[in-house]
1. At 7 angstrom along the Cα-to-beta-carbon line, where would the label on B:Glu141 sit relative to the other copies? Give the distances in nm, shortest first.
2. When chain B is turned about an axis onto chain A, which of its residues keeps its C-beta closest to that axis, and how many Å is it?
3. Tally up the carbon and sulfur contribution to the accessible surface of region A:130-181 as a whole percent, 1.4 Å probe, everything protein left in place.
4. Where a ≥ b ≥ c are the square roots of the eigenvalues of the C-alpha gyration tensor, would you call region A:70-181 rounded, which needs a/c under 1.5, or, failing that, prolate if a/b is larger than b/c, or oblate?
5. Using the structure shown, list the pairs from A:Lys142/B:Lys110; B:Lys120/B:Lys142; A:Lys137/B:Lys110; A:Lys131/B:Lys74 with a Cα-Cα distance above 22 Å, or answer none.
6. Once you put a point 7 Å from the Cα of A:Ala123 and another 7 Å from the Cα of A:Glu141, both along the Cβ direction, what distance in nm separates them?
7. List, shortest first and in nm to one decimal, how far the label point of B:Arg124 (7 Å from Cα along Cα→Cβ) is from its counterparts in the other copies.
8. Counting only the heavy atoms of the protein chains, how much of B:Arg124 is accessible to a 1.4 Å probe, in Å² to the nearest 10?
Number of protein chains: 2
Amino acid sequence: MAVAVLSSPFFRTTLVSARALAIIGASNKRSSIAQFPRQCLRGKHVIAAAHDEEASAKASSSLADKEDPTIFDKIISKEIPSSIVYEDEYVLAFRDINPQAPIHVVVIPKLRDGLTQLGKAEARHEEILGKLFYAAKIVAEKEGILDGFRVVINSGPAACQSVYHLHLHVFGGRQMKWPPG
Amino acid sequence: MAVAVLSSPFFRTTLVSARALAIIGASNKRSSIAQFPRQCLRGKHVIAAAHDEEASAKASSSLADKEDPTIFDKIISKEIPSSIVYEDEYVLAFRDINPQAPIHVVVIPKLRDGLTQLGKAEARHEEILGKLFYAAKIVAEKEGILDGFRVVINSGPAACQSVYHLHLHVFGGRQMKWPPG
């Protein structure tokens, strides 16, 4: 799938973050990975070259204010296939292709509506935020991890956010550690 | 403060988890700390003695179905003082006394209403879940960490939940790592 996706016009014309590439399981190293804070990169994607993390964070952060399409738009439209765990009128939940736990599901609002990140939330977003939160519980139920699961939301580059479309990570199937990263 | 609190009837009659003790900064080692999964314990609280983590998880999990008071009730009632960051009719946000980042705030619903953990959420809880989520953003704004913050919700012992009153952790002020614990 990765090869097909990477050769698509979307990837030739859109700024794609390291996290986005991880989601689709990309192995192509000629990505914008250097723009991403090193601490946020997962093991197999870490690159040895030193780079300015502050500049990286700023580069990622600049995406936060833009309403440019992200890879999630293609996942919502099913143009990019994903392993869907749960879907309703408002939310979509699909497996992370680079899981950090035996169960690792990403939950997103179908309509971004300005929610590039949690830090952009306004009072009017409370309804969709509640639906997303509750969807995380539904995912845990469907995945059989109600006995123990962790939900993580990253907002901004210092928290390792890479795709600027609000998303919740749901982790389970292993003992989680503390602190959480 | 810790001494006064630990000598109170509340602590003599209530099962208190290691996490709850951490929140109030307790140094008393004669606690129920051994009931808590070792991976969830923070550095200074880790004990060397081997113990059955599965049994520990089950012991913690048994609290999840009970509506027994937790330390958060005393924090909400102000019987136990806390460093409050934000408060409204529905939610209370206060600093974690054992912070895992320069900014570490706990956000809770004032009315637990069955939400001992996220895994117990029902559709009727969506409204308060939305308010909690949005309160996390307000906290980030007040603490000056809108450029990057992470929100974490632990549900159940395998995720390191210790206090069975739903709560969100808000972290900021440092580069967060991946995976998140």
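The values are calculated or read from the model by the stated rules, or taken from the named source; none is laboratory data. Here the structure is a predicted model, which is why all the values come from computation and not from measurement. Reconstructed Cβ throughout: ideal geometry from the backbone, glycine too, with neighbour counts over all protein chains shown. Keep in mind that these areas ignore ligands, DNA and RNA; they rest on the heavy atoms of the full protein, side chains included. Shrake-Rupley method; radii C 1.70, N 1.55, O 1.52, S 1.80 Å.
1. 3.2
2. Nearest to the symmetry axis by Cβ: B:Gly130, 1.
3. Values: 510 of 1090 Å².
Carbon and sulfur atoms account for 47 percent of the accessible area of region A:130-181.
4. Taking the square roots of the gyration eigenvalues as a ≥ b ≥ c, region A:70-181 is rounded.
5. Listed pairs above 22 Å: A:Lys142/B:Lys110; B:Lys120/B:Lys142; A:Lys131/B:Lys74.
6. Each label point lies 7 Å from its Cα, and together they span 3.1 nm.
7. Its label point is 3.0 nm from the equivalent points in the other copies.
8. Estimated to the nearest 10 Å², B:Arg124 gives 140 Å².
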